[in-house]
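For reference, the structure is listed below as structure tokens.
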Amino acid sequence: MKKYLITSREFYTDTPAVFRSILHAQLKKHQPSHALYRDKSNQNYHVQAAHFVEVCSQFENIKSFIHQHVDLAKELGASGVHLTSSQFGEIERAKELGLEVIISTHTHEEVLEAKKLGADAVTYGPVFFSPGKSEPKGMDDLKELIDKCDINIFALGGIVENIHVDMIEQSKAFGFASIRYFY
């Protein structure tokens, strides 16, 4: 099962040297297959994104993703871009640029649309309770979704303990994505 580490200013800061140190330690500790630079409020986003891609490149088996910014992901040589649920229209352009595409989804219909438009994977959730997010979808809903489509699905939301990871693994999801689990 794939692991998708998502950064957050809350845990990783926006100070470059500190960010690089924390990120490197977490990547080394958890060995995720995918990692996402996500920081919606950093005024120097492009600078920190470059640090992120460079640190990820130090690990042979980690794919690096930039949140929302297709052109920046291409410019920095990231593996791909992680689009928001309002960016379905960007999937085709990102694919044309040779980027792998993961897109955030919250309904079965969005997952099916992402597949139709050529996304490589989706995050789907929240599966479990997550502060500030909508009502949890639950494991039954996730399993139903996995059974009816053939796109790679990263379960997302409220995955903070090994028991959550075990439940996701039993669902046959492609993987799980989290901020708090990896910190």
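The values are calculated or read from the model by the stated rules, or taken from the named source; none is laboratory data. Everything numeric in this text was worked out from a predicted model, so none of it was measured. With ideal geometry, Cβ positions are generated from the backbone for all residues, glycine too; neighbour counts draw on all protein chains shown.
All of ALA78, ALA50, ALA94, ALA119 fail the test of being modelled with pLDDT of 95 or more, surrounded by 15 or more Cβ atoms within 10 Å (Cβ to Cβ), more than 23 Å from PHE176 (Cα to Cα) and in contact with a helix residue (DSSP H, G or I) (Cβ under 6 Å, 6 or more places away or on another chain), apart from ALA50. Screening ALA49, ALA25, ALA17 for residues that are among the small types (Gly, Ala, Ser) and touching a strand residue (DSSP E or B) at 6+ places or on another chain (Cβ under 8 Å) leaves exactly one candidate, ALA49.
Scanning segment 69-85 for residues that are closer than 16 Å to TYR4 by Cβ and touching a Leu at 6+ places or on another chain (Cβ under 9 Å) yields ALA73, ALA78, SER79, GLY80, VAL81, HIS82. Of the residues making up segment 97-109, those that are touching a residue at least 24 places away in the same chain (Cβ under 8 Å), more than 19 Å from LYS63 (Cβ to Cβ) and either surrounded by fewer than 16 Cβ atoms within 10 Å (Cβ to Cβ) or of a type in the set (A, V, I, L, M, F, W, C) (or both) number 1.
For GLU10, the conditions (1) at pLDDT below 95; (2) under 15 Å from the mean Cα position of the chain (by Cα) all hold with the exception of (2).
Pairing each residue of segment 1-25 that is free of Cβ contacts under 8 Å to residues at least 24 places away in the same chain and part of a loop (DSSP other than H, G, I, E, B) with any residue that is of a type in the set (A, V, I, L, M) and buried (at least 17 other Cβ atoms within 10 Å of the Cβ), provided the two are 6+ apart or on different chains, yields C-beta distances under 8 Å for THR13/ILE22. Apart from one condition, THR15 fits all of (1) surrounded by fewer than 22 Cβ atoms within 10 Å (Cβ to Cβ); (2) within 30 Å of ILE146 (Cα to Cα); (3) of a type in the set (Ser, Thr, Tyr); the exception is (2).
Would you check if there is a residue in segment 65-79 being among the small types (Gly, Ala, Ser), outside any helix (DSSP H, G or I) and on the phi > 0 side of the Ramachandran plot? Within segment 65-79 (the criterion being among the small types (Gly, Ala, Ser), outside any helix (DSSP H, G or I) and on the phi > 0 side of the Ramachandran plot), the answer is yes, since at least one residue qualifies.
For segment 59-75, the set of residues classified as surrounded by 15 or more Cβ atoms within 10 Å (Cβ to Cβ) and under 19 Å from VAL47 (Cα atoms) consists of LYS63, SER64, PHE65, ILE66, HIS67, GLN68, HIS69, VAL70, LEU72, ALA73, LYS74, GLU75, listed by residue number.
Residues that are among the β-branched types (Val, Ile, Thr): which helices (runs of 4 or more DSSP H) entirely in segment 84-183 hold 3 or more of them?
Details: elements: 91-96, 108-117, 139-148, 162-170.
Qualifying helices (runs of 4 or more DSSP H): 162-170.
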